[in-house]
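The values are calculated or read from the model by the stated rules, or taken from the named source; none is laboratory data. Predicted model only: the values in this text are computed from it and were never measured. Virtual Cβ from ideal backbone geometry, glycine too; neighbours counted across all protein chains shown.
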Amino acid sequence: MKTTAANKKVRSRRSLSRNDRFTLAAFIGIPTLMQIIFLWLPALITIVLSFTYWNGINVSDIKWAGLANYKNIFFGTPVFYDALKNNLIWLLWFTFLATPLGILLAYQIDRKIKGHKLFETVFYIPVVLSLAIIGIIWNFMLQPGGFVQGVMGRDIGNAVSIWGNYSINTYVIMGVASWRHIGYIMLLYLAGLKSVDPSLREAAAIDGATEWQTFRKIVLPAMRPVNIIIVVITIIESLRAFDLVYIIYGTSTAWPLLNILVFQNFAGQGISMKGAAYAVILLVLCIGPILLYLRNVFKEDLK
Amino acid sequence: MSDVNNGISRRSVLKGAAIGGAGLVAGGSLLAGCGKKKVTGDVHFTIRGNLSDAGAKIAIAANDAYTKKTGNKVISQAVNSDDFQNNFVQIMQGTPDDAFGWMAGWRTNSRADSGLLADVSEQVKALGSSLSAAAIQGATNPSDGKQYIIPTTYYPWGLHYRKSTMQELGLNPESIATWDDLLKLCEATKKKGLVGYALGDKGGWEAMGTFDILNMRLNGYQFHIDLLNGKEKWTDAKVVDVFTHMGQLIPYMNKNVLDISWDGMRDLLLQKKCGAMMMGSWFANDFKAKSQEDYDDLWIVPFPEINPEHGVDSIDAPLDGISVAANGKNVEGGKDLAGFLGSKEGIDAAVAAGDTNIYISSDFDTSTYDPFNKQKLAVLGAAKNIGFFLDRDTRGDFAGPVVGPAIQSFLKNPKDLTKILDNTQAQWDALPAL
């Protein structure tokens, strides 16, 4: 008995103890298993289903469709391109307006400009709300019969068309979405800025660098990991946009987004595997930024 | 055997005997029914809508009457109607409530074919001659000849208006007989600063009512149904004609059609901001809930004739009823409750709670109807052919995802019509066989 115990001790000194191994296996194995069961398996099934015709009820009804769903989407469904366009607008708006604004705000607040505590609070408040709640709030404000319409003295019959006016609704939706996104980016960036060594900035100031030069040459490079996260968040947020628009328009595709099309065709009343095909298209679009993010994370680790 | 079944069957026998041979059928079901045990156990019921709605209070009152009658407790829960419809397949495959309010047509038949709904033919049979042949026909699944819904209420789609508003304007919608009359009425209403033809289509389905009636008036019921089932083409000049007529109504519509949903339309009428509104009469419960005065002011007339060949021979009159989930915990209890809700006692309880719907059952005495309901019956009676509404007359993967956006696109930009119709047809052609 003693010898086996001693042997074990020797072995465990060489590698990990039994306890460690068990802990490691549990910590890696259980999440991996859950990922496989709840994420990879459904994703794989969705990919397979996107090549079939099915109404989502009896497995025996599944029929092979080949590329028919994709052909239908790419060549027969103009609303798909409208959705793609809206997702792209979302992405461009976030990339070139909302995100830079959030960064600018964070930078100014970090410099402790006058009233920075107030600004921080004001811009932070929308972040605690989910986009669905934000949708409810702004829909209540802007819809015919809503608060803003009432203030303007418009009743439901002559209410200003906002959600249904295609020359402005895109900007209004983007504005509402930015309301939260700006604060979100500000918060992330602010946390990053706190970790930048203040002596770097002081040194730059002593060397006579302007504020803009300091930001571009010192702060931005020092913030590289946060920058990558923000880029990825901006892209993913734009692609997965759903709740805000769903609250305002429901499943009617009056202002379509890829996710709305997934929902309408996959979970709505007319279930068809066209919805699965939309989901796969969305997945393919999302994989790019995710890979970029992972590559960056691992590169940091290797360093 | 429960008292409920007993009472109904006895009445059925008497009625059946009067007609003749049918009595044998009803008698047979009575005998078959007697062999069964009394249905017991709690029954779960889904109310489509909010608990604060007038409809929910009515459903609860009817369910309470069932509990009083049988001693079986009914546990009701309210579920947002859109959510329930959107997630119907998932709910029915999980642990659904035993019975729920549902809609006849494609939404029942296709789900019955997939085995999600329980066969309630026996309960329909027990209701006997209180249901007209047409109602039973409407509730019958064509693929197996059985019923999966107990038809209870229906309502017409027509032009609704407020009597007081029209009186102030010096107009009489009851006198409109032709398309030109309708346009003149809209024009006159518009001149007085009101919305001529109230429409909302934010939800994507509201304007289908206008499409349906224009198609039935211009091209007839058969063309309409054939179009919705792929036997006619959306690119047909006849369909172009329908949209051209819809286009003629656009100048009289509110300028925020895509901003408001059905409830916005209702509010336009409630707040006296519009003349005519094409809608199903089911929203009248909300008028009654607001005040009796508002309800008394509400009126409906049939959509006028456009093509003399078809006159006013068709109407959208969706059939609603009670369905039973095949996967419910207490399927027999669900069926029993559904049968009760379709019977005289169930209807009496609902009406006592303020239901303004009109009932299919001939057991219900129509002479007690209020004037608005009598007018609804008159509007229905004028029609020979009954449609169920576009999203119940055609496939679910076509109505919502294809026709809804198509009509919205047209209202947004009527000049795109050719492109819209080409695409609608292309999307029908791309649908998998059922």
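Is it the case, given these coordinates, that B:PRO371 is closer than 26 Å to B:GLY204 by Cα and out of contact with any His (no Cβ under 7 Å at 6 or more places or on another chain)?
Numbers: closer than 26 Å to B:GLY204 by Cα: no; out of contact with any His (no Cβ under 7 Å at 6 or more places or on another chain): yes.
Here the answer is no, as B:PRO371 does not meet what is asked.
Considering only region B:100-123, state which residues are more than 14 Å from chain A (Cβ to nearest Cβ), within 19 Å of B:ALA135 (Cβ to Cβ) and under 18 Å from the mean Cα position of the chain (by Cα). Steps first, please.
Let us first name the residues in region B:100-123 that are more than 14 Å from chain A (Cβ to nearest Cβ), namely B:100-101, B:104, B:118-123.
From what's left, within 19 Å of B:ALA135 (Cβ to Cβ): B:101, B:104, B:119-123.
Answer for region B:100-123, where residues must be more than 14 Å from chain A (Cβ to nearest Cβ), within 19 Å of B:ALA135 (Cβ to Cβ) and under 18 Å from the mean Cα position of the chain (by Cα): B:GLY101, B:ALA104.
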Q. Does region B:339-361 include one or more residues that are part of a helix (DSSP H, G or I) and surrounded by fewer than 18 Cβ atoms within 10 Å (Cβ to Cβ)?
A. yes
Q.
I'd like the full set of residues that are within 14 Å of chain A (Cβ to nearest Cβ), of a type in the set (D, E, K, R) and under 30 Å from A:ILE247 (Cα atoms), limited to region B:164-215.
A. B:ASP201, B:LYS202, B:GLU206
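Quick one: in region A:156-171, which of the residues that are more than 7 Å from every other protein chain (Cβ to nearest Cβ) and surrounded by fewer than 15 Cβ atoms within 10 Å (Cβ to Cβ) is farthest from the chain's Cα centre (by Cα)? Let's see the steps before the verdict.
The first filter runs over region A:156-171 and keeps only residues more than 7 Å from every other protein chain (Cβ to nearest Cβ), leaving A:158, A:160, A:165, A:167-171.
This time we only want the ones that are surrounded by fewer than 15 Cβ atoms within 10 Å (Cβ to Cβ), so: A:167-168, A:171.
Numbers: A:SER167: 26, A:ILE168: 24, A:TYR171: 19 Å.
Checking each candidate, the answer is A:SER167.
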Q) Got at least one residue in region A:240-253 being at pLDDT 85 or above, surrounded by fewer than 22 Cβ atoms within 10 Å (Cβ to Cβ), under 18 Å from B:ASP82 (Cβ atoms) and among the β-branched types (Val, Ile, Thr)? A) yes
Q: Assess whether B:ALA426 counts as being free of Cβ contacts under 8 Å to residues at least 12 places away in the same chain, part of a helix (DSSP H, G or I) and under 24 Å from A:GLN264 (Cβ atoms).
A: yes
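When you go through B:GLY400, B:GLY334, B:GLY321 one by one, which is the residue that is within 14 Å of chain A (Cβ to nearest Cβ) and closer than 24 Å to A:ILE57 by Cα?
Working: B:GLY334 fails: within 14 Å of chain A (Cβ to nearest Cβ); B:GLY321 fails: within 14 Å of chain A (Cβ to nearest Cβ).
Answer to the selection: B:GLY400.
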Q.
Show the residue pairs meeting these rules: Cβ distance below 8 Å; 6+ apart or different chains; first residue within region B:83-97 and within 8 Å of another protein chain (Cβ to nearest Cβ); second residue β-branched (Val, Ile, Thr) and in a loop (DSSP other than H, G, I, E, B).
A. B:ASN86/A:THR251; B:VAL89/A:ILE57; B:VAL89/A:ILE271; B:GLN93/A:ILE57
Q. How many of the residues in region B:122-135 are of a type outside the set (Gly, Ala, Ser) and closer than 25 Å to B:PHE372 by Cα?
A. 1
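Please determine, by comparing only the residues of region B:219-236 that are polar (S, T, N, Q) and part of a helix (DSSP H, G or I), which one is surrounded by the fewest Cβ atoms within 10 Å (Cβ to Cβ).
Taking region B:219-236 and keeping what is polar (S, T, N, Q), we get B:219, B:222, B:229, B:235.
Still in the running and part of a helix (DSSP H, G or I): B:219, B:222.
Numbers: B:ASN219: 22, B:GLN222: 14.
Applying the filter and picking the extreme gives B:GLN222.
When you scan region B:237-309 for helices (runs of 4 or more DSSP H) that lie fully inside it, which ones turn up with 3 or more residues that are out of contact with any Phe, Trp or Tyr (no Cβ under 8 Å at 6 or more places or on another chain) and either within 14 Å of another protein chain (Cβ to nearest Cβ) or over 22 Å from B:LEU380 (Cα atoms) (or both)? Before the answer, list the steps.
Details: elements: B:237-249, B:262-270, B:284-290, B:292-297.
The helices (runs of 4 or more DSSP H) meeting that bar are B:237-249, B:262-270.
When residues of region B:403-418 are filtered for being more than 8 Å from chain A (Cβ to nearest Cβ) and assigned to a helix (DSSP H, G or I), how many remain?
First, pick out the residues of region B:403-418 that are more than 8 Å from chain A (Cβ to nearest Cβ): B:403, B:406-407, B:409-411, B:413-418.
Okay, now just the ones that are also assigned to a helix (DSSP H, G or I), so B:403, B:406-407, B:409-411, B:414-418.
Qualifying residue count, region B:403-418: 11.
On the given criteria, is A:ASN86 assigned by TED's automatic domain parsing to the domain that holds A:VAL172 and part of a helix (DSSP H, G or I)? First the steps, then the outcome.
Numbers: assigned by TED's automatic domain parsing to the domain that holds A:VAL172: yes; part of a helix (DSSP H, G or I): yes.
Against the criterion (assigned by TED's automatic domain parsing to the domain that holds A:VAL172 and part of a helix (DSSP H, G or I)), A:ASN86 qualifies.
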Q.
Could you go through region A:6-28 and let me know if any residue there is modelled with pLDDT under 95, under 30 Å from A:LEU257 (Cβ atoms) and exposed (fewer than 12 other Cβ atoms within 10 Å of the Cβ).
A. no
Q) Which ones in region A:58-97 are of a type in the set (S, T, N, Q), more than 8 Å from chain B (Cβ to nearest Cβ) and either surrounded by 12 or more Cβ atoms within 10 Å (Cβ to Cβ) or within 27 Å of the chain's Cα centre (by Cα) (or both)? A) A:ASN69, A:ASN86, A:ASN87, A:THR95
